[in-house]
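Heads up: the structure comes next, in C-alpha cells.
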Amino acid sequence: MRYQSIFHFLITGTLCLLAIGCDRGHSYKEGGFLFDQIYVYEDGSLIDAQDFVVELPAEGGSIEKEFVTYGITELREVSRVDEISAEFLSSYPPPDDELYEAGQYLSRYKQTIRFEAKPNNEKKSREAKIMIVTAGYNGYAAYVNIKQSSAI
C-alpha cells in the first residue's frame with residue numbers, strides 16, 4: 001500500500017512537471033525563429049506583438065502601427081487576402097531617428113508598418129496573417145493577424 005502511494009505521487013508529480021515544461025507561453029521557438037521580443041507601441045506602452053490583432057474598418061482605409069524590435073528585416077505573408085496589405089515603412093538597418101532604446105549589444109528601434117484594406121462589400125469578414133521577422137541573435141518573429149469586418 002505504501003509503495004502504491006509513492007508510485008502515485010511520482011507519476012502525478014512527473015505529469016505536472018511535463019505539463020508545466022510544455023507550456024510555450026509567449027516565448028517559443030519555431031522554424032528557427034524565437035517568437036519573442038517584438039512589441040506594439042501604443043499609448044506609451046509596449047504590448048506583446050505575438051498574435052496581435054489589427055482591426056481595419058469595413059469601409060477600407062489604412063492604419064499605421066509602431067513596433068519596437070531589434071530592427072525589422074522583413075514581413076512574410078502567412079495567409080494572404082488580395083484586398084489587405086501590410087507595408088513596412090522603413091529599411092534595414094534602421095536609421096538613427098528610429099532608435100527607441102540603445103543597448104550594449106543590441107539596440108531596439110520603433111518602426112512603422114502600414115496596414116491597408118480596400119472596402120469590404122462582401123458578406124464575410126476578411127482575415128490575413130503576416131509574420132514580422134527581426135534582427136537579433138538567430139532572429140525574432142511574431143505573427144500579426146489583420147481583420148476586416150464586412151460592410152453588409
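Note on the range 63-92: residues that are more than 20 Å from the chain's Cα centre (by Cα) and in contact (Cβ under 8 Å) with a residue 24 or more places away in the chain amount to 1. Reported count of residues in the range 125-135, each being surrounded by fewer than 18 Cβ atoms within 10 Å (Cβ to Cβ) and among the polar types (S, T, N, Q), is 1. Please specify each residue of the range 93-119 satisfying the condition of being within 11 Å of residue 72 (Cα to Cα) and either surrounded by fewer than 17 Cβ atoms within 10 Å (Cβ to Cβ) or among the hydroxyl-bearing types (Ser, Thr, Tyr) (or both). Within the range 93-119, 93, 109, 112 qualify.
Only one of the numbered conditions (1) farther than 14 Å from residue 112 by Cβ; (2) of a type outside the set (Val, Ile, Thr); (3) surrounded by 13 or more Cβ atoms within 10 Å (Cβ to Cβ) is violated by residue 49, and that is (1).
The single condition among (1) surrounded by 13 or more Cβ atoms within 10 Å (Cβ to Cβ); (2) within 20 Å of residue 39 (Cα to Cα) that residue 122 does not meet is (2).
Here, each number is a calculation from the coordinates, and none is a lab measurement. In this text the structure is predicted, and so the values were computed from the model without any measurement. Because the Cβ atoms are built from the backbone with ideal geometry, glycine has one as well, and the counts that use them run over all protein chains shown.
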